[in-house]
1. If you take the Cα atoms of chain D, find Rg, then find the Kirkwood Rh from the mean of 1/r over all pairs, what is Rg/Rh?
2. Mind jotting down a quarter of the surface of the convex hull over the alpha carbons of the range C:147-234, in square nanometres, one decimal?
3. What is the calculated FRET efficiency for C:Lys147 to E:Ile59, with r their C-beta to C-beta distance and R₀ = 35 Å, to the nearest 0.05?
4. Mind checking which aspartates and glutamates have their C-alpha under 16 Å from E:Lys156, skipping anything on the same chain fewer than 8 residues away?
5. Taking square-rooted eigenvalues a ≥ b ≥ c of the alpha carbon gyration tensor, is the range B:130-191 rounded, prolate or oblate, where a/c under 1.5 means rounded and, failing that, a/b exceeding b/c means prolate?
6. Under 26 Å Cα-Cα from C:Lys115, which lysines qualify once same-chain neighbours fewer than 8 residues away are excluded?
7. Under 12 Å Cα-Cα from C:Lys110, which aspartates and glutamates qualify once same-chain neighbours fewer than 8 residues away are excluded?
8. Quick one: Cα convex hull volume of chain A, Å³ per residue?
Amino acid sequence: MSDLIPPATPAPLVVIDRVGKSFGPVEVLKEVSLTVAAGDVLSLIGPSGSGKTTLLRCVNYLETYERGLITIAGESVGIEQLPDGRRRRKSDRQIAALRAQVGMVFQHYNLFPHLDVLENLTVAPCRVHGEALGPVRERALALLERVGLADKRHRYPSELSGGQQQRVAIARALTMQPRLLLLDEVTSALDPELVGEVLDVITSLAADGITMMIVTHEMAFAREVSTSVAFMAEGRLIENGTPEAIFEAPHHERLRSFMQRYRAGNRL
Amino acid sequence: MSDLIPPATPAPLVVIDRVGKSFGPVEVLKEVSLTVAAGDVLSLIGPSGSGKTTLLRCVNYLETYERGLITIAGESVGIEQLPDGRRRRKSDRQIAALRAQVGMVFQHYNLFPHLDVLENLTVAPCRVHGEALGPVRERALALLERVGLADKRHRYPSELSGGQQQRVAIARALTMQPRLLLLDEVTSALDPELVGEVLDVITSLAADGITMMIVTHEMAFAREVSTSVAFMAEGRLIENGTPEAIFEAPHHERLRSFMQRYRAGNRL
Amino acid sequence: AQESRLDTIVKRDKVIVAVSSTARPNGFIDENGRHTGFEVEFARLMAKALVGDPDKIELMTTTVDGRFPAVLSGKADFGISTATIYPDRAVRLAFTRPYIDSSTLVVVPKGSQIKTLADLDNENVVLGSTNSAAMVDRAKKYAPKAKAIFFDTDSAAALALKSGRSTAWQADSAAANFFVGHNGDEFVVLDGSLGTINNNAIFMKPGDFPLWLALDTIVREYVNGSRYGEYAALYKTWFGKEPPPQRPFNQN
Amino acid sequence: MLTSSALYLAQGALVTIGLSLGIIAVATVAGMLLALLRLYGWRPLGLLAAAYGLVARGVPLLVLLIGSYFSLPYLGLDMPLWLVVVLIGGLYFAAYAAEVFRAALAAVPRTQWDAGRALGMRRFQLFTIVILPQARRLSLPPFLNVALVAVKNTSLVSAIGGWELVAAGREIGERTMEILPAYLAVAAFYFVICFSISQIGRHVEKKMRYV
Amino acid sequence: MDFGFILNNAPLLMEGAAMTVALAIGALLGATIGGGVVAGLRMSRHAPLRCVGAGFVEIMRNTPILVQIFVLYFGLPTLGVHMSAFTSAVLAMSLQNSAYIGEIYRAGLESIHPRQREAALALGMMPGMALRVILLPQALRRVLPPLGNQFIIIIKDTSVASTIAVAELTQASKLLLDRSAAPYETFATVALIYLAISAGVAGVLKLAEWRYPVRVS
Ligand SMILES: Nc1ncnc2c1ncn2[C@@H]1O[C@H](COP(=O)(O)OP(=O)(O)OP(=O)(O)O)[C@@H](O)[C@H]1O
Ligand SMILES: Nc1ncnc2c1ncn2[C@@H]1O[C@H](COP(=O)(O)OP(=O)(O)OP(=O)(O)O)[C@@H](O)[C@H]1O
Ligand SMILES: [Mg+2]
Ligand SMILES: [Mg+2]
């Protein structure tokens, strides 16, 4: 099984091994298997309701999964496989330690409304890692600068426009200096200028060796930024490969029709 | 002034006349003037934080404005200009009557969490306009069918994915059969397939003669669907015109640089 | 001048009396659910004298907190509810002459260190009682060294003695005798009474002379005069012994 | 004798239930009005409502009951006891309920108001269709608290000549001079009453668990 | 109305008021902390703990404080446990109000959108820290008004301690009433003192509300 992979080899950072999940009677993830190598940028694409968000949440163990196993750097996520085959939830401490290395940006931003922009960025590094405020502040301000919001550092989230909130959420995840970053439709509220900027940010992060999993609907973005692309539909992973393979030479019928719609939309 | 325009002439449906608005010390709308003819589809584009959402909210009087006047079909929105120059808020009844004719879809959907999907659609026509449930239900189901969610009619919003919620929100606004529809980044949470569908919906609505104001970051979408485009930056309306004029022959420096980024992004 | 309450009573052909339902044996609900007790039955005798029928009476049951407001507000015509005549009270309430002399007894567990009333004045004694002015004053006067604790009702004070929260309990003779009568194998009454005799009297709103005169006269006729026989029978029923002999009011 | 005591307590419990329901009904309506005044009302009226809340909550109910029941005759208002209790108790707990409702109403996000307004709802419609149903869920547990305190405070009516469960228990206790078993029996009756109310509350709360 | 005797007995009332404040402070602290424990149990991931929490809440909330106080004060000595009247009163009030306050905490926390907790967890916070740093500060503003209610109820519930011979304000007033037969003056005075104490607590809570405003957000 996947947790037998020795961590010394240049192993994939994330291994998703036949993961299944249901909400009540509804099966939303069906035997999804996928690996993400360290330094990879993986884009998850697929129609609405296909389970992309759910899969991302499982990688962070914000959602539990009933079947299969996810491992990050050889360590299983959230669940311990006991020798007798039973599954046991890991301790809160173990789960938190894992999450501290995995950054996540949500589709709904989920900023903390009672903290101002700067506090939103500094609260986790200071309280979770016990870092001193000074350097964290520096880092946070630099990140805010990078996303063009340094002047809004003392505003509260409710006083920001949608795109501004989105950028704060990205900066917040980055202030934790994660080794794996999960992004759920981070560009949806951004204008083309900013999409370009975020793209730059992500590219430079990739260059820094940060592994990323990105859920997105913007194919151009997916194509530009990622080293591999995975297509999901109805809870299954239908096809994955290099961006070229997926966009130029889709095998699967479902993916082909999806791409067709996309090209039809983009021809405009 | 704009409220002197006789309603008999083929007048513009929406007239925004030198509108200004501030949040405390921050001026977010500066002398914005714009007209939208009946049957027009206007796209509002511009960088994040430029005031697009705020302008849209003013048209619905969800946000008050301190300077200038907005009129819809010759009737001033929210504010009465008294002969002596003072401004007075209109009565709740007047404001509600106006809003009932103006549909709005929010960036964050704002569905009612305590009502199921169908109830979200029928509540306003039935309770506000006193229409009979029967025909409203028919209409609502037809709309749900059109956005591909007929099978989810008894789900609650919290059980839907982002894109599904987005589509319910669009259907909810349409059930009111508005003559003016305000859309705030309605395609941001949709995958390309659905963007295409929503596009179809919007095109057919335009064919039905419904006037629309659309805030969007997707230039391809803006170009395809709209009869005119307005570009905002830093609270000002910088330039407006036909899609061709804006996308092909931008005059203003600010718009040109914005378009450049967009093309750079889309070349991928 | 205002109409006297007396006329109201006669016209109404019924009296309204504030009494207690939680002070055995003076006023309580018996096993059959009937509201009875010495004071309640005495109230019926008052009704008999006032309107000619002991059953032409409406009993208004209040707690200690509400008994005085009940008559001051006029909700009740007068009250018979273990009210001791007390100088401070007489400023604001009108009292008739007393309808009973009661004494205060002290109950202790059998085998207690406390053998006499004099033993009460000791640091080790915890003296429980109800929270009435007379009890508080007596505790201060006769057992200043003892720790005094006060409860809302006699039954709570009795419970304190039973559970060891107090080592002695001072109570109205009626309540003390009743309790020891039921728990005779565990508790005894000390000899003698603590302090002087209390006078319990009918109380009413002040300033209504005709009513006061009528009530006072009726009480005199029961306690000292022509109807002593009825009073004596009532007394015997509830306290199991003869009442003090007829005497002029100022005797004690 | 044991059964007759139980019957006696049951009669008292019925009175307690009746008074409680009356008080809770008045408190709910009046409390909602007070909360509305404080949140959305004309400012001076809002301040007045706040002052009312402070005073009404600060003064013991016993004092209010005695003060009002025995003073109303002076004002020429000779209301029956139960009516005084329901009104005074209701207005008293309205002050508590108002705080609960105020917090719950304020917790409904502003975006919900926006959504309702955009659909052309007027204030009242918006409030009843969108805001109130959502506030109900948040207010339920603390409102249940207030309701249960109200139930237990009905025992104060014995001070003004009323009779209910505790009075019945005390009468039995004083008759036998055995107060503890009587009180335990009273507690059992209270438990049945209050548990029923809180179960209803929980059931409603569960049904509203949609977020 | 004649308040002369009240002035003469002012020391008695003041001593009573001081005892009332002492009882209230003890019970407020006990219940505020106990409420946290109760809410923790009620919202626990483990079903047995949730059951314990629910059972505690039902028993405490659905029986009168008077009976709980009697059981602690009169009942426990027969089991050999001796607590002073003051301790018994504070303990009984703390226990009962832990149930009430626990429910208030729970309602407040459950009203915070689950996404907030997720965001905190995703940043690597432990559940406890997410609670302290992210959830509680947001819940506080929704909880302050009902919490204020409960605090004031506690203050007035201290009067039950008079039934077990604690010389607090209500007992002092009953004595004064019994002595003077002046109910209106006595009640008015006592009401004012309770009002003053409650207003003090309400004032402190208003300060907190100033920091965590209760308004539509
Ligand atoms: N809490 C829930 N209860 C029941 N069903 C759920 C729940 N959350 C999600 N689902 C269902 O699971 C499916 C997958 O949802 P998910 O949010 O992962 O989709 P997605 O691929 O991210 O879609 P989108 O692109 O629209 O965001 C959807 O059909 C959704 O309705
Ligand atoms: N309540 C508020 N208080 C203070 N400033 C606000 C408030 N709401 C919006 N703003 C500011 O007003 C400006 C315009 O905001 P608006 O939401 O209209 O932008 P937008 O063009 O819709 O941006 P986006 O594309 O990111 O949604 C922003 O700079 C924002 O920070
Ligand atoms: Mg999603
Ligand atoms: Mg916007």
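The values are calculated or read from the model by the stated rules, or taken from the named source; none is laboratory data. Bear in mind the structure is a predicted one, so any value in this text is a computation, not a measurement. All Cβ positions, glycine included, derive from the backbone under ideal geometry; neighbour counts span all protein chains shown. Surface accessibility is based on the protein's heavy atoms, side chains included, excluding ligands, DNA and RNA. Shrake-Rupley method; radii C 1.70, N 1.55, O 1.52, S 1.80 Å.
1. Numbers: Rg = 20.0 Å, Rh = 19.0 Å.
So for chain D, dividing Rg by the Kirkwood Rh gives 1.06.
2. Values: hull surface 34.6 nm².
Averaged projected area of the range C:147-234's Cα convex hull equals 8.7 nm².
3. Values: r = 33 Å, r/R0 = 0.95.
Calculated value: 0.55.
4. Filter leaves E:Glu168.
5. On the way: a/c = 2.19, a/b = 1.24, b/c = 1.76.
The shape class here is oblate.
6. C:Lys140, C:Lys141, C:Lys145, C:Lys147, C:Lys162, C:Lys241
7. Reachable aspartates and glutamates: C:Asp185, C:Glu186.
8. On the way: hull volume 39.0 nm³, N = 268.
In chain A, the Cα hull volume divided by residue count equals 145 Å³.
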